[in-house]
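Below: one structure, written as structure tokens.
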Amino acid sequence: MRLRLTATLLAALILLPAMPATAAQPSAAPTVEPVPTVEPAPTVEPAATPDPTPAVVSLPPRTGPAPTVEPSPTGANLKNGGLDATGRYIVVLKTGIDTTRLVDRFHARDGLHADRMFGHAFRGFTARLGARELADLRHDPDVISVVPDEIVQLTAQTIPTGVSRVGANRSAVASIDGLDTRVDADVAIVDTGVGPHPDLNIAGGYNCSSSDRTAWADNNGHGTHVAGTVAALDNTFGVVGVAPGARIWAVKILNADGYGYLSWYVCGLDWILAQRDPQDASRPLFEAVNMSVAKAGADDQHCGTTNNDILHQAICRVVAGGITVVAAAGNDHASATHLVPASYDEVITVSALADTDGKPGGLGGNRCFSWGTYDKDDTFADFSNFGYDVDLIAPGKCIWSTRPNGAYAYSSGTSMAAPAVTGAVALYKSSRPNATPAQVKEALQYLGTYDWNVSTDPDPHHEKLLDVSRLDALGTFSVAATAPIALGEAGGKVSIPVTLTRSATFFERTFFTVSGVPGGWTAAFAQASLLGWTADSTTLLVTAPRPTPAGNYVLTINATNQGRTQSATVTVTVENDLPTAQAVRVSLVSGRQLQASSVPVALSWPAATDATSGIAGYQVQLRQPGGDWGPIAATTTVRSVILAIRPGLSYDVRIRARDTAGNWSPYVQSSVGFRAVLIDDRNAAVHYGSGWVRTGSSGAIGGTLRRASHVGASVTYAFNGRGISVVAPLGPGRARLAIRVDGVLVRTVNLRRVGTHQRQIIFALTWASSGTHRISLQIVSSGKVQLDAFVVAR
């Protein structure tokens, strides 16, 4: 299997003629982006850089006076490198003007000689001009402007637009300020080799492309260009990388043409994983690996174990060893799903952004002709692969970086985007050495931004643009828990608010655990981890089962990030204050029909109490003394129930209450039993005045009634008990009946109804305790009254 690079280089400062777009290759090797037609003129580089003068269009031989000879570098112009701009001008012509004809016209008239003519960046030429020529040109209608030529000189260094666009020049960790303060990280460049180059901190390397393991220098240029974006020095010349001065290790797996065998690739990964940190052999040497190479393949979601993908297996072992791997998405303008290592979930896959000015907003204009068009600023690069396998996007168009032997060049491709992310990984790991590869990926994705023209993304899975501008030293954090109210009952639940306090530079995910949880309890966080500058709160949900002894239970809440743990304790108090129920009161009831074999009674009780919970319901039971308790009469919060009991039998009654936590109080049994006795109209204890007559009635208790129809007719009954009720039929032509108890009129009842209703309880009265009482009934209106029976509660 052969591998291929994922970028195209353009020689430094040379304007190349237009080239046709290269078609996408159907083979395993990804398509190489066509050479850009025109590159922007960079700041002049050191002496080793190719001639920074813009490319010229050669003039044909001319007759006439010889061109002016440049003066020798003497005197004052020595400080300008022997250059003297006196009398030199740049003439800018209107669009469409034939530069050669205009120069010929002025040559024939004034003897003008053009040094250089331009036809791409603008139309025009340069020349030494006298006063007359200067005046004539400034008045010529074909001339836009005539401006003095100037001398330029080497600047401190160039910050490439890609480095600016990802915010590395604003990152406190990168500390790009022109001082050579190097990022403490080791990065493996798996590529064509690296260097030599004075703008890189090359620590060493390993060559898998031949038998000479020390021959890891770059004779292609791709690997060196990648390395410059990762970590070019922050010094006084050249360019600067995203992680300035990070130690670069060349892992050469490709030949001079940018191809290599899969076995070479695996050889490089094997060497990478074997290298250990010289200060701590338990840790790997490398923080990051850059892979701007690719081949056809797919992710089996099982680290290559189901499809026998040895590359995937090797990369998974590298990642499991704590090393973050960054891969280019590829340049086929297709889904990265069919390319490896881009499609592996274990790596950070990077697509390419076309950025022309190092700034957001899409105001940088066009740059780099490829695939039949110019890429526009802040858009998805026309060559870049895409899809859900892509994790981040970074500038990959017209990237200015290092080339072997001290040179610099532009290059385009996802190969140029991936090293920006690799540099970000080096920055992150230099300040957060305990971060795992998964944590590194998550953090960089969190820091990323959608501040680019995502509408140009070919798929709906828009990746964030790399942005390390807010990356500073690893921040600190603390955790606190708010003590809850006490668990009022065993088996209750409580929510404990947990607060995470972050320092200004701490945004990473923090994981929560809880220790000291008693056996049988459950404790779970509503959010088991928090990520983000403002993610600062969660809730611990605690449940104490039944039975739990009363007492104070101390739980420890632990917040962990990258090997650091902060803890807080919280005390959960269990107070077994079960509900307190009150005894049931049994009363006779009126307004109901008395059955031949049962008497309705009302059971009522005071509200139960609980110090820390509400009351959710009650259960009431009856039994005959010495027998079993009968079925439960369950209620909610209603504190009464009507039951039917057999007359003449004694009953015990008990009650218990349930609180809102689900706990039941002990049963509370009434101190005395309860019995209802029927006294029919024939009972000798009932005394009738004049006018009462016994009559038979099949619907009456005992089959007989006592009837009277004149006003003043009365009945009396003396009894011992704690309740009395009167049973009489209702119907048409009935009179009104006055009821006195112990000589006091307590009620007058109208017995008149439309229809006839037998065995109606027309009156009931119950006392708190048993005693001797006397009840009397007297007709007080015209009509008849029929007395059926009395019910005495004892």
Hydropathy first: keep DSSP H helices in the chain averaging at least 0.0 on Kyte-Doolittle, then drop any whose Cα extent along the axis falls short of 24 Å, and list what survives. 414-431
So which aspartates and glutamates can Lys784 reach, going by Cα to Cα under 20 Å and dropping same-chain residues fewer than 8 places off? Asp680, Asp681
Reported to the nearest 10 Å², Cys316 has, with a 1.4 Å probe, an accessible area equal to 20 Å²
Which aspartates and glutamates does Lys359 reach when only Cα atoms under 20 Å apart count, and residues fewer than 8 places away in its own chain are ignored? Glu39, Asp177, Asp375, Asp377, Asp378, Asp382, Asp451, Asp457, Glu463, Asp467
Report the FRET efficiency, 1/(1 + (r/R0)^6), for Asn219 and Asp345, where r is their Cβ-Cβ distance and R0 is 30 Å, rounded to 0.05. 0.30
Compactness check, segment 464-595: C-alpha Rg relative to the 2.2 N^0.38 Å globular estimate gives 1.67
Spatially proximal lysines relative to Lys441 (Cα-Cα < 20 Å; intrachain offsets below 8 disregarded): Lys429, Lys464
How charged is the neighbourhood of Gln758? Take every other residue with its Cβ under 14 Å from the Cβ of Gln758, and add Lys/Arg as +1 and Asp/Glu as -1. +2
Rank Ser776, Ser782 by accessible area, highest first, at a 1.4 Å probe radius? Ser782, Ser776
To the nearest 0.05, the calculated FRET efficiency linking Ala256 and Asn405 through their beta-carbon distance, R0 being 22 Å, is 0.95
Extension reserve of the Ser211-Ala684 stretch, reckoned as 0.36 nm per residue once the Cα distance is removed: 157.3 nm
For segment 471-564 the mean separation of alpha carbon contacts under 8 Å (6+ apart) over residue count, i.e. relative contact order in percent, is 34 percent
Figure the gain on full extension for Lys784 and Thr748 (residue separation times 0.36 nm, minus the Cα-Cα span) and round it to one decimal in nm. 11.5 nm
Rounded to the nearest 20 debye, dipole of segment 212-371 from Cβ charges on Lys, Arg, Asp, Glu: 240 debye
11 Å beta-carbon shell around Gly723, net charge (K/R +1, D/E -1): +4
Accessible surface ranking that places the most exposed of Ser478, Ser209, Ser455 first, with a 1.4 angstrom probe: Ser455, Ser478, Ser209
Under the definition of Cα pairs under 8 Å and six or more residues apart, what whole-number percent is the relative contact order of segment 728-781? 48 percent
Charges only on Cβ, +1 for Lys and Arg, -1 for Asp and Glu: so what's the dipole of segment 195-283 about the Cα centre, in debye to the nearest 20? 140 debye
How long are the three semi-axes of the equivalent ellipsoid of segment 354-506, in whole Å, if each is the root of 5 times an eigenvalue of the C-alpha gyration tensor, listed from largest down? 43, 19, 13
Please work out how much accessible surface Lys784 shows to a 1.4 Å probe, ignoring ligands, DNA and RNA, in Å² rounded to 10. 70 Å²
1/(1 + (r/R0)^6) with r = Cβ-Cβ of Ser469 and Ser769, R0 = 51 Å, i.e. FRET efficiency to nearest 0.05, evaluates to 0.05
Could you work out how far apart the two model spin labels at Thr373 and Asp459 are, taking each label as a point 7 Å from the Cα in the direction of the beta carbon, and quote it in nm? 2.0 nm
Could I have the simple spin-label model distance between Leu179 and Ser598, label points 7 Å from Cα toward Cβ, reported in nm to one decimal? 9.6 nm
Which residue, chosen from Thr482, Leu427, Val727, occupies the Cα position most advanced towards the positive end of the dipole of the chain, where the dipole is computed from +1 (Lys, Arg) and -1 (Asp, Glu) charges on Cβ about the Cα centre? Val727
Between Asp142 and Arg646, what length in nm is gained on full extension when 0.36 nm per residue of separation is reduced by their alpha carbon distance? 169.0 nm
Using Cα-Cα distances under 8 Å and only pairs 6 or more residues apart, what relative contact order does the chain have, in percent? 9 percent
Labelled set (1) 1.77; (2) 0.97; (3) 1.11; Cα Rg over 2.2 N^0.38 Å computed from this model equals the value at (1)
If you bin the C-alpha pair distances of segment 651-732 every 5 Å from 0, what whole percents do you get? 3, 10, 15, 16, 13, 9, 7, 7, 7, 6, 5, 2, 1
What shape does segment 558-622 take by its C-alpha gyration tensor, where a ≥ b ≥ c are the square roots of the eigenvalues and a/c under 1.5 counts as rounded, a/b above b/c as prolate, and the rest as oblate? prolate
Which order do Asp472, Asp140 take when ranked by solvent-accessible area (1.4 Å probe, heavy atoms of all protein chains), largest first? Asp472, Asp140
Just read off the accessible area of Val672 with the full protein assembly in place, 1.4 Å probe, to the nearest 10 Å². 90 Å²
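The values are calculated or read from the model by the stated rules, or taken from the named source; none is laboratory data. This structure is a prediction, so every number in the text was calculated from the model and none was measured. Cβ atoms come from the backbone with ideal geometry, glycine included; neighbour counts cover every protein chain shown. With ligands, DNA and RNA removed, areas are computed over all heavy atoms of the protein, side chains included. Shrake-Rupley method; radii C 1.70, N 1.55, O 1.52, S 1.80 Å.
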